[in-house]
1. To the nearest Å, what is the center-to-center distance of segment 137-153 and segment 29-81, using C-alpha atoms only?
2. Taking the mean number of other Cβ atoms within 10 Å as a proxy for protection, how do you rank 39-48, 77-86 from highest to lowest?
3. If you count, for each residue, the other Cβ atoms within 10 Å and average over each peptide, how do 117-124, 148-155, 101-108 line up from highest to lowest?
4. At 0.36 nm per residue, and after removing the present C-alpha to C-alpha distance, how many nm does the segment from Ala109 to Asp154 gain when stretched out fully?
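Every number in this text was worked out from the coordinates using simple rules, so none of it is lab data. Just so it is clear, the structure is predicted and the values come from calculations on it, not from any experiment. Virtual Cβ from ideal backbone geometry, glycine too; neighbours counted across all protein chains shown.
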Amino acid sequence: MNSTRRATALVAVSVIALVGAIAAPAFAASNQQIAKASTLMVSDLSGTDWTATPHKKSPDSTLPSCAPTNRVNNAARKNGAHSPDFANSAGAQITNTVYVFPSVTQAKAYLAAFKLPTAQECLQQSLDQKLEGSGATGTVTALEVSGAPKGTFDDGVGYQAVLTGLPADQGGGADQYFEAVAFRTGRAVSGFTTTNPGANYPDTPKFVLADLARLKKNLK
């Protein structure tokens, strides 16, 4: 696996692991069923040049800075569902995780772990490990996640990693941009990771809003 793909997997597992749907059943759905029905769909994505593959979870990092996010992710797994991993021929990759908790308090506690200083430290230190010896460097920074229409979500958190200097035989060329964002709406949290060459993936707000709207509807 080249450095670009390793870094993509890193961002996904650290932040969201930090985030085709089935129809909601007629009977009272479980939290995990609601989560599954609310994951990102290929129809939410711009264009038609997308392939979907089953998501494969990466092992948890053993770095001490990753312990808080590992802990809440492992505890939340019974309440969550993961979308397929989507990719297009231009090099964009997108995936999504949804957790539906029994209460708003639990959803707030989950998201709070990704706002701790250790969350960014976990990402940066994990990325440094993955890139060691490659000649590439990556810098993780916090993202501003406000600015969406009022009522779209209740709270959010996000990080960006910019990967530069990859060798030509390991996906070198344009800088690789990674975003990992998570949004709470009521008692649910939906997290997204994207990777894109040259710039942040431009249509992230579009598919995030589509997914959050479906999640809010399914929670009713």
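1. Each part's Cα centre sits 19 Å from the other's.
2. The most tightly packed comes first, giving 77-86, 39-48.
3. Order by mean packing, descending: 117-124, 101-108, 148-155.
4. Taking 0.36 nm per residue and subtracting the Cα distance, the gain is 14.9 nm.
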